[in-house]
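Right, one structure below, let's go through it.
The values are calculated or read from the model by the stated rules, or taken from the named source; none is laboratory data. For clarity, every value in this text was computed on a predicted model and none was experimentally measured. We place every Cβ from the backbone using ideal geometry, glycine too, and count neighbours over all the protein chains shown. Each accessible area value is taken on the protein alone, full model and side chains, heavy atoms only, with ligands, DNA and RNA left out. Shrake-Rupley method; radii C 1.70, N 1.55, O 1.52, S 1.80 Å.
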Amino acid sequence: HSSCRPRGWAECEWRWQVPDAGPFDCPQPRWDGSPIPDKTLLVHTEQGAGDAIQFSRYLPLAAERCKKLILICTDALLPLFEGMAGIDEVRTAGEISLQAFDVFAPLMSLPHYFQTTLDTIPSELPYLTADPKRCPLPTAGNATGQTAQPKVGIVWAGSPTQGNDRNRSSRLLDWLSLLCVPGVTFYSLQKGARVQDLAHLPEDVQVYDLDAHINNYADTAALIAQMDLVISVDTSVAHLTGALAKPCWALLCHNPDWRWLMDRDDSPWYPSISLFRQPATRDWDSLFS
């Protein structure tokens with residue numbers, strides 16, 4: 001019900017009552033969303049990289065209510081957010097002094113401050129940009145001559161520390177029926193230990209590994225910009241593809257994360273994303289069919 005949605009964001013503030021989950025540690029007050037035209041606002045990212053990418057769309061709106069906006073994020077996200085509209089400075093937590101700002105806000109509190117409903121989600125897309133020259137898609141070796149084929153980037157697993165990872169992440173072998181589709185060049189955008197799954201593919205299945213070319217999310221964005229499609233389980237790469245307004249197929253487990261809602265194959269957060277849902281728990285076979 002539409003009247004319940006703002007209440008949901010308000011209830012989400014209970015996350016700070018979880019032990020060891022306190023917000024940015026500083027003496028400055030938390031922002032309440034009201035105009036502060038003579039003050040500097042510090043916004044810090046929280047939780048996963050996908051959360052930071054999804055809710056960074058609110059930063060230009062927050063910038064309109066303050067004199068200066070500073071964003072604190074992780075090293076991997078910093079080059080992606082540099083130059084984003086409305087942000088005056090992007091820093092990591094260790095680079096900021098307490099004298100540099102007047103008030104602060106956790107990034108995922110911004111939807112609450114702006115009283116977001118499904119009808120008022122900031123919809124200006126793309127809100128992140130990519131520079132393909134930063135990380136040109138390699139075409140050496142066996143990939144030479146295949147550039148005319150559709151280029152599809154894939155991600156089959158997320159961070160193993162995420163609470164629902166055993167359900168949201170797949171095995172690369174679950175993808176075999178898709179990876180055998182002829183006339184398509186597949187590229188792996190996978191990071192982390194699961195990159196080694198590529199070594200266990202059958203010899204006649206070719207996926208080009210881009211792991212060595214990706215050092216941060218700006219590199220990933222540069223590669224996504226050169227793809228015709230990205231297919232990903234529920235990871236930060238799906239969020240990044242949507243934020244860049246590039247076509248994406250998101251593969252969702254049977255009981256997915258709240259942001260993907262239920263009973264729909266599209267996302268109000270990302271118009272370029274199509275959702276594919278498992279009909280039953282861990283049923284990747286039906287999803288891929």
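Structure notes:
- Net length gained if the chain between V18 and K67 were fully extended (0.36 nm per residue, minus Cα distance): 14.4 nm
- For the stretch 68-132: rounded, prolate or oblate by the Cα gyration tensor [a/c cutoff 1.5]: oblate
- Rg to Rh, two decimals, where the chain supplies the alpha carbon set and Rh follows Kirkwood: 0.98
- Choice from W249, W269, W175 showing the highest fluctuation, given a GNM over the chain with Cα pairs closer than 10 Å: W175
- Exposed trypsin sites (Lys or Arg not before Pro) absent - longest run of the chain, DSSP non-H/G/I/E/B, at most 14 other C-beta within 10 Å: 1-170
- Each Lys or Arg adds one and each Asp or Glu takes one away; over the other residues whose Cβ falls under 13 Å from the Cβ of R277, this sums to -3.
- For the stretch 151-268: rounded, prolate or oblate by the Cα gyration tensor [a/c cutoff 1.5]: rounded
- Positive end of the dipole of the chain (Cβ unit charges, origin at the Cα centre): among L61, C12, P106, the Cα lying farthest that way belongs to L61.
- Placed amide H near A105: partners under 5 Å, 5+ positions off or other chain: W31, L42, V43, H44
- Counted charge near T92, where neighbours are those whose Cβ lies closer than 13 Å (Asp, Glu -1; Lys, Arg +1): -3
- Cβ-based charge dipole, the chain, positive-most Cα from G86, V230, T129: G86
- Shown for the stretch 153-289: the carbon plus sulfur share of the solvent-accessible area, taken with all protein chains present and a 1.4 angstrom probe, equals 50%.
- Residue-normalised accessible area of the chain, expressed per residue, 1.4 Å probe, Å²: 49
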